[in-house]
Structure formats: structure tokens, C-alpha cells
Ligand SMILES: Nc1nc2c(ncn2[C@@H]2O[C@H](COP(=O)(O)OP(=O)(O)OP(=O)(O)O)[C@@H](O)[C@H]2O)c(=O)[nH]1
């Protein structure tokens, strides 16, 4: 073989080797998801500008609607019976109520860690569950009272708070939503950095997917929703041509928004009927933020031009009625209250009766959450609801849940959901937790939409829940 042939062969081999190398590099690069934001950046060289200001900025204001009446008288579901669940669409195959570990008892204080010493519970002597015929004029001091068959004798203790004199200035709804920006910052770390960082880290092996799963679980997403979200992400990443950080973010966003069942009706049924006010019952474990939520909600309703009566049916603690009265004076709502230990049902009835007589738009009833048996809870809430229904229907039963209590709060919430027909959830204290994922878990486990979220102790720190805006805030 002469030298020229040998040189030719060597050159050909080198060229082929180079070609193989270049093709390999290009293919590897395509498979890799880099954290560069290509959207709006034709050069694709600069790092993605992340908007760190982004908090929860729900696009619209609060949505109020007319209720058709919260359904049937509360009863515990028959053994094995499931609570009514919303249409889950493509998420229908998620297993139901999977997490039942570490169930606390009813009456556990959600604000206190489960392993700390339990404080004593006081037995409320509940009146005979038979309904009484309510008096025509509830505040009539001559009302005949008879526990069980006639109005309870504590009815005479009912007082209507004097009309407010000086009302706190109420910020316009639109303006105050902007002030909630940044309140979800603690949850942003988990989703915005944790999950997005892992997904954008290139080819994901089993260990990486396990890490994604652990991160979602640590944000309290719950195992069923976590599994569904991860499965969906895996499927999408395997098929879709997702390459840039922007595409990964968009994929994660769409999967999370879908998991929040965005089509559920989240309007608060607070618009009056032809002759009667709308009636909202606010229930939940003590310390979750019920009274505060009632006050914040009244403020929004008053700002919306509604006349509001608040019923202080949390008669277990005198301070609760005082707290509500302060809210009433602050926001411009009338408060109807009874003396400490009064029958909550009679206070609720009287508040509704006052609302009907005065032709107000909305009556919001604050209840106690301190009953230590399921039967006691059912008796009390059931009676409150039945007594109100002597006057008018209950349009909305809002369960208030403290987002910081995680699984403990969920287990207690389920007890409430079992004894009263919850129509919506208010998730409070989302500002104080990195576990914003609890929203997903709550909806899945309780089968009702989260309608409102509490993002602080301030009077205006209540926001309507909007899945898209919420996920945007979570991703930062
Ligand atoms: N950070 C934060 N704190 C909140 C929020 N909502 C309520 N709180 C606080 O939680 C505490 C308990 O709130 P309450 O409204 O008294 O709770 P409750 O459920 O009515 O409690 P009881 O009357 O004891 O049944 C108060 O200190 C509130 O200021 C919220 O969204 N974020």
C-alpha cells in the first residue's frame, strides 16, 4: 500500500470520528433541560430573570353569588359512605382520603403541637336536640323559654350590639389584594427553587424523581396528589419536547393548576335572596382563625356595599364574642351575641331573625370548635343549622383550616366535614408556612373547593383563592 492510500484512510477515519462526536454532542444537548430562559431571549445566552416580587396577586376581586342553600341537615355519613366530591375530571383516578395516620381526637387544639400536654376540655351541656318553636320576636324579654321544646332560657341573654359609630376605613378590594404580595414567600422556596431546580437539572434518573416526590411531600401536597403530579410530569417530560427552563416551568404550572381543579365554583354564596339574607355558617377547630375570618369577610362584604349582621355563636369563650364585637364595630356590621355559655343555636337563630327583620344582605355566624366528641359536635352544629333553617336556608358552610397544622389539622377537618355539609374551605395562615401544598391536599381529602385564603393577621389579609394566581405565586 502506498503512502497516499494510507493518508487517505487516516483522513477518512478522522472525519468519520469527528462526525460521530458532533452528532452525539447535539443529541445529548437536546435531551438535557437547562435552566436558561429562552423565552423572549433570541440569543439564549442570559440567565433567566426571576421575578422575586411575585406573591399572591389574585387577578379579580372577591366573587359572591347567590346560594341555593347548603344541602341537607348535617348527618354523619353511613359507614363506608364517602363525602360528596366534586368532578375531578382527569384527576378522577386519584385515590380517596389516603392519609389517615396520626389521627388526633376532636377537641385537640390545632394551634398546639400534638405531643404537648393537652388542656382540659369543658363539657357543654347540650340542650335536647328537639327543635323549639322560635319566638316571633327573639329579643322579647318576656319570651317563654324551655330548653328543648321552646326557646332556651339563655335567649334572654341575647343582646344586639349598638350600631357602630366610627368605622375603620376600608381599603378598596383591588388595592388591598396587591398588599398580599410576597406573603407566600416561604412556600416559594420549595416549589420555585426545589422542584423547578430538580426538573431543570437535566436527565432525571430514579433518584432525582424520588427527590421531586420528597420535595412535594415536604410541602404537604399529600401522597395521593404528589404521586399523581409526579406521574403526570414524568409522562409529559417523556413525550413532550420540553427543553428550556421556561417550558419546564410552564409544564409544572399547568400540572399543578390542573391538580387544583380550577373549574370548581369558588364564589362565596353571600348574595341575599328575595326576602331573606344570605346565611353563612363558619365552623372549624378553635384557634384556626374563625373569628378573624368572619371579621375579614364582613369587611369585604361591607366594602361591597352589603349590610351585614354577625352572630357570635361561639358562646364557649366570652372573649370570642368580644372579639367579634370589636370586628363589627371596626367594619360596620351589627353583632348579635348571647351571654357566655348560652345555647349557640339560640344566638344563631336570633342573629338570623335580626337580619331578616332588618332586611340586611348577609348574616355570618361564628361558631365554637371546642367539642370533644363527634356526637357533641354533631349535636351542636346540627342544631345550629336546623334552628337557622326555621327562618331561612343556610347558603354556605365554610370550614376554617389552619395551614400550619398540616396532617393534624386535616384529620380534625375531616371530622367537621363528616358532621356538617361543608361547602367551602378557608385556609388561614398560609403566610406562616412553607407548606403551601396543603391547598392541594385539603381539596383532595375534603372534596370541597378552597374559596378563600388568609395571608396574615391584618384586617385586609383575606384573598379569594384562584388556582392560576396561587400556583404562579408558589413558583415565584
Ligand atoms: N398569620 C396569620 N394569623 C392568623 C390568620 N388568621 C387568623 N390568624 C390569627 O390566629 C389567631 C386565632 O384566630 P381566631 O380568629 O381567634 O381563631 P378562632 O378559630 O376564632 O378561635 P376560637 O375563638 O378560640 O375558636 C389570632 O391570633 C389571629 O390573628 C392568618 O391568615 N395569618
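Here the range 185-259 is treated as a sphere whose radius is the Kirkwood value from Cα pairs; by Stokes-Einstein at 37 °C and 0.692 mPa s it diffuses with a coefficient of 267 µm²/s. Note on 393, 290, 429: ascending count of other Cβ atoms within 10 Å places them as 393, 429, 290, the fewest first. For the range 185-259, the relative contact order comes to 31 percent (Cα pairs under 8 Å, sequence separation of at least 6). Counting neighbouring beta carbons within 10 Å and listing from fewest to most, the residues 378, 410 come out as 378, 410.
Within the range 319-476, DSSP assigns beta bridges of which about 25% are antiparallel (rounded to the nearest 5).
Treat the count of other C-beta atoms within 10 Å as a stand-in for reagent exposure and order 186, 249 from fewest to most. Don't skip to the answer; put the middle values down first.
Numbers: 186 14, 249 24.
Starting with the residue having the fewest Cβ neighbours, the order is 186, 249.
Computed from the coordinates by the stated procedures, all read-outs in this text should not be read as laboratory data. Please read all numbers here as calculations on a predicted model, not as lab measurements. As a convention, Cβ positions derive from the backbone with ideal geometry for all residues, glycine included, and neighbour counts pool all protein chains shown.
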